[in-house]
Amino acid sequence: MIHSPPPARGGWARFVLSIAPMSRTKARRLRLAHAIVTLLFLSLQGWAAIQFLNESPRISDTLLALGYPAYLMKMLGVATLLGIAAIATGVSPTLKEWAYAGFALEQCGAFASHLSAGDSLRTTLLPAAVFAIQLVSYILWKRTQRAPVRRRRASFSMYERATVESHA
């Protein structure tokens with residue numbers, strides 16, 4: 001019988017544990033949590049898209065005070081709607097990744113703009129809070145993608161296979 005050395009701390013054992021199959025209950029909970037967080041994130045982005053497209057006075061005053069041109073509002077509104085559609089439909093995983101990346105750039109840019117303009121703490125941290133919700137949505141999506149529920153199959157280790165074949 002061949003014995004392998006114990007795994008190094010955090011070595012291949014961590015890798016194996018990270019891709020281990022989930023139970024059905026855990027997978028359902030994960031999908032439900034993803035749906036709830038993503039719905040919250042997309043509803044916040046939908047509200048922002050409506051504000052951009054309607055040229056809300058509060059939003060337009062803020063963008064102009066930050067030094068951005070007025071036409072940026074329409075561009076952000078359309079891009080936000082396209083990103084919402086990409087994430088909500090899930091037509092293409094690559095498109096979904098790019099939508100998440102676009103929202104991340106938008107939120108990081110908004111945070112940096114408010115920070116450099118010296119806006120209030122509440123105004124500055126709002127994009128960071130939306131980014132945190134987005135990050136949770138993205139992480140949960142990735143976890144639901146990589147860890148599907150797998151059925152157990154009858155499998156033999158190499159040692160057992162050699163024993164079974166030698167007795168046949």
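A short reminder: the numbers here are calculations on the coordinates, not readings from a lab. Only a predicted model underlies this, so the values are computations on that prediction, with no experimental measurement involved. Heads up, the Cβs are rebuilt from the backbone with ideal geometry, glycines too, and the neighbour counts pull from every protein chain shown.
Brief remarks follow.
- Taken over the range 22-49, the criterion of being exposed (fewer than 13 other Cβ atoms within 10 Å of the Cβ) and touching a residue at least 12 places away in the same chain (Cβ under 8 Å) is satisfied by 23, 24.
- Residues of the range 87-108 classified as of a type outside the set (A, V, I, L, M), surrounded by fewer than 14 Cβ atoms within 10 Å (Cβ to Cβ) and free of Cβ contacts under 8 Å to residues at least 12 places away in the same chain, total: 4
- Residues considered: 99, 104, 112. Of these, the only one that is of a type in the set (Gly, Ala, Ser), over 18 Å from residue 73 (Cβ atoms) and touching a helix residue (DSSP H, G or I) at 6+ places or on another chain (Cβ under 6 Å) is 99.
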